[in-house]
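Report on the following structure.
The values are calculated or read from the model by the stated rules, or taken from the named source; none is laboratory data. It should be emphasised that the depicted structure is a prediction, and the values quoted were computed from it without experimental measurement. Backbone-built Cβ (ideal geometry, glycine too); neighbour counts: all protein chains shown.
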Amino acid sequence: MPINKIVGSFDEAVADISDGVTIMVGGFGTVASIPSCLLEAIYRKGVKNLTTVSNASGFGADIWRLQGAPFPEDMDILVRNERIKKAIISAPVSALYVNNFEKLLR
């Protein structure tokens, strides 16, 4: 019998994530492609010392709110709350402004 992979909430979806694990976060360019609700659930769970693999380090909720995003969180929710121990990122900084990830690097 196949495993039922459907859960009732985003918090249930991240229930097995614990301190120190590696997570890969999808998304490229627009807020529509970022798993905002899952990132918020990971933040609420309180896990720390994460290793993240992603395309970007996050613009931050303020930038997405300016564009009218209904779910504005991106990787920045984990960056600004110091939940990431190691980040593997293809585009860690922005040419447009200094994001929170870049501030931590300085």
request  = Tally the residues that are at pLDDT 80 or above and either more than 12 Å from the chain's Cα centre (by Cα) or not in a loop (DSSP other than H, G, I, E, B) (or both), restricting the search to region 64-81.
outcome  = 5
request  = Scan region 29-63 for residues that are at pLDDT below 85, over 12 Å from the mean Cα position of the chain (by Cα) and either within 26 Å of ALA15 (Cβ to Cβ) or not in a helix (DSSP H, G or I) (or both) and jot them down.
outcome  = GLY29, THR30, ALA32
key: Matching entry among ALA61, ALA91 (being free of Cβ contacts under 8 Å to residues at least 24 places away in the same chain, among the aliphatic types (A, V, I, L, M) and surrounded by fewer than 21 Cβ atoms within 10 Å (Cβ to Cβ))   = ALA61
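Looking at region 34-44, is at least one residue charged (D, E, K, R), without any contact (Cβ under 8 Å) to a residue 40 or more places away in the chain, under 11 Å from ILE77 (Cβ atoms) and crowded, with 17+ Cβ neighbours inside 10 Å?
The answer is yes; a qualifying residue exists.
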remark   = Taking region 82-97 and keeping only residues that are modelled with pLDDT of 80 or more, over 11 Å from the mean Cα position of the chain (by Cα) and in a loop (DSSP other than H, G, I, E, B), one is left with GLU82
